[in-house]
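Note sheet for the following structure.
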Amino acid sequence: MEFRVNKNCFHQALSAVGHVISLKSAASILSGIKIVANDNHLLIIGSNPDIIIEKAIPVMIDGVRVLEVYDKGSVVLPAKYLRDIIYKLSDDIHVKLNANHSVTIKSAEIVTDLNGLSSGEYPDLPVLDDAVSIEVRSEEFLEIVKRTAFAVSKNESRPVLAGVNMTFQDNVLSCVATNSHRLASSELSLETKVTGSFIVPSKSLNEWTKLMNDGEHIVHIIISKSYIGFKSNHISLFSRLIEGNYPNVIGLLPKDPKTVIAVDTNQLLKGIDRACLFARDGRSNNVHLEIVDCTKLRISSNSTECGKIEEYQTIKSIKGEGEVSITLDGYFLMDALKVIKEKEVKLSFSGAVKPVLIEPGNGAASHLHLISPVRSS
């Protein structure tokens, strides 16, 4: 194996796949980066037991030659040293594979020899013979992930809740995430004959959002029984699916709320953020919401150590009962408000012990959030 590659392209590819590599992996081969030189491109691969990322460097990018392959081949090099070495070089990189899986890396007058491992020991990409494929616009897919993935459970005692439930049905992609205390749901219309429900690890979706570039327009989603793959231009990510049955969350949505109010999204977000200043000093993030005189929303929190804070915000519209008093996790509420881009947000209350429904105020966007109240002890 021998090739010359543009330093910046090489370093960007190493950084892209390096996100998933654990330098403390029990399997030493997984702490390395696999490099495969083919006639017309270079493949850079990083993986852990659950995720594989593959980045391709073509011979030409935007009409500029960035790669020359003199001899095909492959090797696995230690990620930690390889990334650091390439980062500290300033010129094009010349790589040549020697005997015993060592490589010589040259850049200008700098020469480095780095010991590697046989690429034959590296895990293969998953076989997706039974896979189906869906195309979706990248910006739309990133948006639906951002609206939902934050709500997954961080507790690994229920693995299915650590993933986002992606359901394809009737030309609609639905994504749902919950940790049993809050729920985020979003829908996206697309053209596909695929039907089915899959639980995708949130870590994999978050990794994919880091890999996407603004100039990429289409994501190819490939799904098999055990794996899901995302491909766009020269980057691919493959992830194991989470096994199990996702809970039926449809029944949690309130059907006949007692009170529905509309308020300014940005003002409410700032108010909750201020209230959390005191909430974060305690053992909880409790923020209290109360409707006053059917015209104002009172936002408050208190800390026995620091004091208390309260403010009043104008209610733009109200339907139903005028008496509401409820305590919510302020950080959960902020997370939901941050992904609502509409100027107004609608809050639906069904009682002091029932979840609060949060939706864009214009009703046009197909996403919603549920937050369970904090029960007083």
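The values are calculated or read from the model by the stated rules, or taken from the named source; none is laboratory data. Given the structure is predicted, the values throughout are model-derived calculations rather than measurements. Virtual Cβ from ideal backbone geometry, glycine too; neighbours counted across all protein chains shown. Just so you know, the surface numbers come from the protein's heavy atoms only, side chains and all, with ligands and any DNA or RNA stripped out. Shrake-Rupley method; radii C 1.70, N 1.55, O 1.52, S 1.80 Å.
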Per-residue ellipticity at 222 nm attributable to helices in the chain (runs of n ≥ 4 DSSP H, -39500 (n - 2.57) apiece, nearest 500 deg cm²/dmol) works out to -5000 deg cm²/dmol
For the chain, what does the relative contact order come out to in percent, with C-alpha contacts under 8 Å and a separation of six or more? 12 percent
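Under a point-charge model restricted to the Cβ atoms of Lys and Arg (+1) and Asp and Glu (-1), what is the dipole moment magnitude of region 110-177 relative to its Cα centre, in debye to the nearest 20?
Working: 5 positive and 11 negative charges, 104 e Å.
Using only the charged Cβ atoms, the result is roughly 500 debye.
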Taking H placed 1.01 Å from N in the peptide plane, check which residues at least 5 places from Asp50 or on another chain put their amide H under 5 Å from its amide H. none
Just Leu252, Leu289, Leu268 to compare: in a GNM of the chain, with alpha carbon springs under 10 Å, which one fluctuates most? Leu252
For Val75, distant residues with modelled amide H under 5 Å away: Ile35
When the convex hull of its Cα atoms is projected in every direction, mean area for region 30-130 (nm²): 7.9 nm²
Be a star and scan region 220-236 for residues whose amide nitrogen sits under 15 Å from the point 7 Å along the Cα-to-Cβ vector of Ile61. 233-236
If the convex hull is drawn through the Cα atoms of region 1-89, its volume per residue in Å³: 86 Å³
Comparing Ala262, Ala108, Ala352, which has the greatest mean-square fluctuation in the GNM of the chain with Cα pairs linked when under 10 Å apart? Ala108
Accessible area per residue, 1.4 Å probe, Å², for region 238-308: what's the number? 59 Å²
Just Lys210, Lys24, Lys34 to compare: in a GNM of the chain, with alpha carbon springs under 10 Å, which one fluctuates most? Lys24
Provide the solvent-accessible area of Arg65, counting protein heavy atoms only and rolling a 1.4 Å probe, rounded to the nearest 10 Å². 140 Å²
Whole-Å distance, taken between Cα centres, linking region 297-331 and region 69-135: 56 Å
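Restricting to bridges with both residues inside the chain, how much of the DSSP beta-bridge set is antiparallel, in percent to the nearest 5?
Taking every DSSP beta bridge with both residues in the chain, the antiparallel ones total about 100 percent.
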Say the dipole of the chain comes from +1 at the beta carbon of Lys and Arg and -1 at that of Asp and Glu; which of His217, Asn171, Val345 then lies farthest toward its positive end? Val345
Note down the magnitude of the dipole of the chain about its Cα centre, charges +1 on Lys and Arg C-beta and -1 on Asp and Glu C-beta and zero elsewhere, to the nearest 20 debye. 800 debye
With DNA, RNA and ligands ignored, accessible area of Lys270 (1.4 Å probe; Å², nearest 10): 110 Å²
Percent of accessible area on the chain owned by carbon and sulfur, 1.4 Å probe? 46 percent
Return an integer: the convex hull volume of the alpha-carbon atoms of region 232-333, in Å³ per residue. 205 Å³
Which value, in debye to the nearest 20, gives the size of the charge dipole of region 298-377 about its Cα centre, when Lys and Arg are +1 and Asp and Glu are -1 at the Cβ? 180 debye
Taking the Cα atoms of the chain alone, what are Rg (to one decimal) and Dmax (as a whole number) in Å? 25.3, 81
Return the sequence-ordered ³J(HN,Hα) values of region 146-151 in whole Hz as given by the Karplus equation 6.51 cos²θ - 1.76 cosθ + 1.60 applied to θ = phi - 60°, using x for Gly and Pro. 5, 6, 10, 4, 5, 8
Please tell me the relative contact order of region 65-172 in percent, rounded to the nearest whole number, where contacts are Cα pairs under 8 Å and at least six residues apart. 16 percent
At each listed q (0.09, 0.14, 0.16, 0.18 Å⁻¹), what is the log10 of I(q)/I(0) that the Debye formula gives for region 107-244 modelled as equal alpha-carbon point scatterers? -0.32, -0.68, -0.84, -1.02
